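Asks: One structure, as structure tokens, below. Some questions next.
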Amino acid sequence: MSKILETYRQRTPGSAAAHHRAVKSVVGGNSRGSAYWNPYPLMIERASGTRLIDIDGNEYIDLLNNYTSLAHGHAYPPIVEAVTRQVELGTAWVGNNRWQNELAETLIERVASVESIRFANSGTEAGMLALTIARVVTGRDKVLMARFGYHGSLMEFEVGSFPDLFTHGADNTYLGNYNDAGSFEEILRAHGEEIAAVFLEPVMGAGGVVRAAPEFLKRVQAAAKAGGALFVLDEVIAFRLATGGAQSLLGIDPDLTMFGKVIGGGFPVGAVGGRLEYLKVFDPKAPRALHSGTFNANPVTMTAGLVSVRELTSARIERMDELATRLADSLTAAAGKLSLPLSINRAGSLLNLFFTKQAPQATPVREDAATIALFHLAAMNHGLMPAGRGMIVLSTVMDDALIDEIAQRAAAAMADVA
């Protein structure tokens, strides 16, 4: 660790100084837990395409793309052009804008289960809205989700994401085991009259890019319906996997769908869509629940999101899948030459590395915790920016040559770790 850490510190004195300054005014030095790592996070100065530049002038190939939100990389010209035009016309006002209509219509056209939609400013807000709808519709309070799943920072969801760390919200949350339909069915049989909604991800992003078995989701959905609970599919991360979202690949027809990240084109966004009968709880002519927000569906986000979604075509999604396969194969080969155990979970353009012989099922406890921390710092020393937990996210502006360059740099980082 000492050599890798020493190299990191030598390369990034500006980031160290910036972090030291930040901790004096911001608790922990940042406002986003997933963007912190030891000894300190980088201070990024600018970004374009696939590249990040830190305050010290170091360049990195971005392998994270803001945790899946930048499907087209940084400062994607069509988005920049559209947003620049809109900023000159105004950034927010009380009243509608036509971009909201067009983005909503585009999402409804693409996602078969969505008849109507409401926009917010984050995936967390999307989860909050979905839970509000479920509580109003069912008259119940409690939630059922997967242990170690992630649906945002609401207390009811945090206790499920980190059950060993958080206890607040526990009274309202039941936990099943991901890909174990029986555990969900058992809870719904025993406590169904209390549960307003079942929340599940088609791919557990924070849990290590763990894919749901189609039969698992279908059985849980059937059990939720039988118990009178709504079935909510969290597509905040997975929507990039197909033009109709992961639900179109899995044959799932949820009551409500959570959106975020890619539908904002790099700007803050969240949304919940689904059956009109459920979304009607927010109808201002006969409201059963309140949904407001100063920047909901603001014209800048809607403009950027419309371009982002329209440019995320089936052909581009398929191309990212091909590149992800190429990268996974190259990384596996590189690790093999170094006699490093490596397993990779992959779902389309999403990958998660584990320096173990077999990738675990969803769990925050990692056998390779020390190794992945080493690799994260070593990767940055070699000009790569993956997630600290080994997650890698591709974008449409990547190509074969770049994937080969990434593989070479990652191999050098693995050699340092070995």
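Asks: Report, in degrees rounded to the nearest 10, the 0 to 90 angle that the Cα long axis of helix 369-381 makes with the longest principal axis of the chain.
Replies: Helix 369-381 sits roughly 70 degrees off the main axis of the chain.
Asks: Probe of 1.4 angstrom, ligands and nucleic acids ignored: what's the accessible area per residue over the stretch 109-172, in square angstrom?
Replies: With all protein chains present, the stretch 109-172 gives 43 Å² per residue.
Asks: Just checking my list (i) 0.96; (ii) 1.08; (iii) 0.99 against Rg/Rh (Cα atoms, Kirkwood Rh) computed from this structure; which label fits?
Replies: Computed from the coordinates, Rg/Rh (Cα atoms, Kirkwood Rh) corresponds to (i).
Asks: Residue by residue through the stretch 208-221, which ³J(HN,Hα) values in whole Hz follow from phi under the Karplus form 6.51 cos²θ - 1.76 cosθ + 1.60 (θ = phi - 60°), with glycine and proline marked x?
Replies: 3J(HN,Hα) across the stretch 208-221, in whole Hz: x, 6, 9, 8, 7, 6, x, 5, 4, 5, 5, 5, 5, 4.
Asks: I need the peptides 331-339, 149-157 ranked by packing, meaning the mean over residues of other C-beta atoms within 10 angstrom, with the highest value on top.
Replies: 149-157, 331-339
Asks: Of all the accessible heavy-atom surface of the stretch 3-128, with the other protein chains kept in place and a 1.4 Å probe, what percent is carbon and sulfur?
Replies: Summing carbon and sulfur atoms, their accessible area is 52 percent of the total for the stretch 3-128.
Asks: What are the semi-axes of the equivalent ellipsoid for the stretch 42-131, taken as the square roots of 5 times the Cα gyration tensor eigenvalues, largest first, in whole Å?
Replies: 30, 18, 14
Asks: Per the 1.4 Å probe, what fraction of the accessible area of the stretch 349-418, in percent, lies on carbon and sulfur atoms?
Replies: Summing carbon and sulfur atoms, their accessible area is 51 percent of the total for the stretch 349-418.
Asks: Shifting gears a bit: Could you identify which residue out of Gly274, Gly90, Gly348 has the top mean-square fluctuation in a GNM of the chain using Cα springs shorter than 10 Å?
Replies: Maximum fluctuation in the GNM of the chain, among the listed residues, is at Gly90.
Asks: Could you check how much of the accessible area of the stretch 208-346 is carbon and sulfur, as a whole percent, using a 1.4 Å probe?
Replies: 52 percent
Asks: Shifting gears a bit: Mind ordering 181-193, 236-248 by average Cβ neighbours within 10 Å, highest first?
Replies: Top of the packing list down: 236-248, 181-193.
Asks: Could you work out which residue, out of Gly383, Gly95, Gly293, moves most in a Gaussian network model of the chain, that is, has the largest mean-square fluctuation with Cα springs under 10 Å?
Replies: Highest fluctuation of the listed residues: Gly95.
Asks: At 1.4 Å probe radius, can you tell me the per residue accessible area of the stretch 299-418 in Å²?
Replies: Spelled out: the 1.4 Å probe surface of the stretch 299-418, per residue, equals 37 Å².
Asks: Which of the peptides 311-318, 223-230 is most tightly packed, and how do the rest follow, judged by the mean count of other Cβ atoms within 10 Å per residue?
Replies: Sorting 311-318, 223-230 by mean packing, highest first, produces 223-230, 311-318.
Asks: Quote the relative contact order of the stretch 8-52 in percent (integer), defining contacts as alpha-carbon pairs under 8 Å separated by 6+ residues.
Replies: Once divided by the residue count of the stretch 8-52, the mean separation gives 36 percent.
Asks: Could you work out the relative contact order of the stretch 280-399, using alpha carbon pairs under 8 angstrom and six or more residues apart, expressed as a whole percent?
Replies: Over the stretch 280-399, the number comes to 20 percent.
Asks: DSSP loop GluC sites (Glu not before Pro) in the stretch 80-124 with at most 16 other Cβ atoms within 10 Å of their Cβ, which ones?
Replies: Within the stretch 80-124, the qualifying GluC sites (Glu not before Pro) (loop, at most 16 other Cβ atoms within 10 Å) are Glu115.
Asks: Here is a follow-up. Could you provide, to the nearest whole Å², the per residue accessible area of the stretch 181-279 with probe 1.4 Å?
Replies: 30 Å²
Asks: Next up: Using only Cα atoms and rounding to the nearest 10 degrees, what angle (0 to 90) does helix 77-89 make with the longest principal axis of the chain?
Replies: That helix lies at roughly 60 degrees to the long axis.
Asks: Which one, Thr396, Thr138, Thr257, has the greatest fluctuation when you compute a Gaussian network model over the chain with C-alpha springs under 10 angstrom?
Replies: Thr138
Asks: Something else about it: Relative contact order for the stretch 1-135: what percent, with Cα pairs under 8 Å and sequence separation of 6 or more?
Replies: The value is 13 percent.
Asks: Something else now. Give the distance, in whole Å, between the Cα centre of the stretch 293-307 and the Cα centre of the stretch 224-261.
Replies: Spelled out, the Cα-based centre of one part sits 22 Å from the other.
The values are calculated or read from the model by the stated rules, or taken from the named source; none is laboratory data. Source: prediction; values computed, not measured. All Cβ positions, even for glycine, are placed from backbone atoms using ideal geometry, and neighbour counts span all protein chains on display. Heads up: the accessible areas ignore ligands, DNA and RNA and are worked out on the full protein's heavy atoms, side chains in. Shrake-Rupley method; radii C 1.70, N 1.55, O 1.52, S 1.80 Å.
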